[in-house]
Amino acid sequence: MTTPFLFILLHLLQFFAVRPDDSICLPQKSLTCHNDFSHNITCIWKGSFDSDQRNNACLIYAERVDHRRKSYKFKYKHSYNASCELQSFDSARPALKKCSLTFNGTFLFFAWNEVLMNLSCSSSKQNETLFYKPVCHIKVNPPGKPNVNQTTVTWFTQVKKHMRIRDFLSELQWKQKHKSWNDPTVETEKRKCEWDCEAQLKPSLLMKDETYEARVRVQAFYDGQSGNWSEWSPTESWVSQVGSPKPASEWGVSSRGVLTLVALALLLAGIVLLIRKKNLVYVVKSFKGAPLPDPGKSEIFQ
C-alpha cells in the first residue's frame, strides 16, 4: 500500500502541473464522495468483487491542497489530511464499499479548496488518484425535527449554524400517519431560507382529529454551486385540531348495514317459526280426531 509520505511526494508536483481549472466541477467515476463543507467527506467506491477481493484492505488517503494560499493575507499553520479504510455496507451489493474521511478541525473548506485523494488496496494493483473539489459536492447534515403548532410549521436548516453556507432550499413533506411517504397523497412544499424557516399548512388539506407526520430536508447553495439534498430530518407527529370533519369510515357504514340486515333476518325467522308452530299443532290435532269416550263413564257401568 502506498504510504502517505510517498503519495505526497509523487503527486504534489503532478497536482500543480495538471490540476484542473478551479471553476470546473469534474464528474465522479468509480469513487464518489460528498461532504458537509466543514470537515467530513464520505466516499463510496464501486470496486470489483471476487474471491480474491473479499479480504482486500483498501485505504483512502486525502489531503487538502491550498493552491491559493500565497494570494491571501492569512496563512494556515499546517495542512489538513485524513484517511479511512473502505468497508462493505450493503450485503445485496458487496462490491460497494464506504468510509468517511474526518479532518481535524471544523469549517476547513473554501470555494477554492481542492482535496488530493489516493485510493490503494493492499493485495491488488488497484490504485486511483483524483482531485476532489468539495464545493462541487456539498451534502450538508439533515435539519432537526420540525415543530408543528396547528397549521404553522417551523424548523432550522441545520442543527448548528453553518459558518460557510447561508442559503438553503428546504423541502417540507407532511402526510397522514398511517400512510407511506411514497403515497401520492403526500403534500410537499419548498421554500428558500437561511437559518429559521416557516411554512403555513392549508386547513383545507387537513382533517380534524386526524394524526399527521411532517419531515424536512435541505439543499445548500454556495458560490454559485447547488449541493445535494440532505437526508430527511426526524419526523414530527401531531393531531390536527383544524380542517374538514373526519368522514365516517367505510367499515362503520357497512357494519351498521350488516347488523340491520341480521336483525331483520332474525325477526323474519322468528315470525316464520311461530306460524309453522301453529300450523304443526293444527295438523297434529286433525290427525288425532275427536277424543275417545271413557268406558268408565258409560251408563251401563253406572
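Of the peptides 211-220, 235-244, 126-135, the ranking by mean beta-carbon count within 10 Å, highest at the top, reads 211-220, 126-135, 235-244. First check a/c for region 63-219, with a ≥ b ≥ c the square roots of the eigenvalues of its C-alpha gyration tensor; if it is under 1.5, answer rounded, and if not, answer prolate when a/b is larger than b/c or oblate otherwise. Here region 63-219 falls in the oblate category. With the charge dipole of region 77-162 set up from +1 on Lys and Arg Cβ and -1 on Asp and Glu Cβ about the Cα centre, the Cα lying farthest toward the positive end among the listed residues 135, 158, 148 is that of 148. Remark: for residue pairs 145/208; 133/160; 46/190; 145/246; 98/177, the C-alpha separation exceeds 31 Å in 46/190; 98/177. Solvent-accessible area assigned to carbon and sulfur over region 191-249 amounts to 45 percent, based on a 1.4 Å probe. Length available on full extension from residue 208 to residue 96: 0.36 nm per residue minus the Cα-Cα distance, which gives 35.7 nm. Think of each Lys and Arg Cβ as +1 and each Asp and Glu Cβ as -1; about the Cα centre, that makes the dipole of region 162-221 roughly 140 debye.
The values are calculated or read from the model by the stated rules, or taken from the named source; none is laboratory data. As the structure is a computational prediction, the values presented were derived from the model and not from experiment. Note that each Cβ is placed from the backbone with ideal geometry, even for glycine, and that neighbours are counted across all protein chains shown. These accessible areas exclude ligands, DNA and RNA; they are computed on the full protein's heavy atoms, side chains included. Shrake-Rupley method; radii C 1.70, N 1.55, O 1.52, S 1.80 Å.
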